[in-house]
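Below is one structure, written out as structure tokens; comments come after it.
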Amino acid sequence: MQDGTFSRPVIFFAREPDGSVAHVQLTTVQEGFRALTRGFEGFCLNHPEWHLAFHALSRAMIDRSPAQVEAAREALDLLASLTRMTAVDVLRQRGASPAERRTVLH
């Protein structure tokens, strides 16, 4: 983790212009930081979780210790959980099966 790689990837879902949902996987501190600063759909400034993730990722950019990198991953995953719930709602509206909705959450 000294290189900024997460112990597990963070998965979130971004809405596409056509209304579909894209699956995005973030595996490093740098990818997480870029995702926040580029403003992926679902990573919104009006959520306190965005600010927590930004703070944790900023610290991990400076100090790449395993503890800082893991703290950044956890904060980013908390923010990503909001996008997973949005993706489930989109699938529900499209009439996706319960199995498909569970796949998004796990």
Other-chain or far-sequence residues with amide H under 5 Å of Thr28's (modelled H): Phe6
Rough spin-label spacing in nm, given labels placed 7 Å along Cα→Cβ, for Ser7 and His23: 2.4
In nm, spacing of pseudo-spin labels at Ser81 and Thr37 (7 Å Cα→C-beta vector): 2.7
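None of the figures in this text is laboratory data; all of them are computed from the coordinates on show. From a predicted model like this one, the values you see are computed outputs, not experimental measurements. FYI the Cβ positions are ideal-geometry reconstructions off the backbone, even for glycines, and counts take in every protein chain you see.
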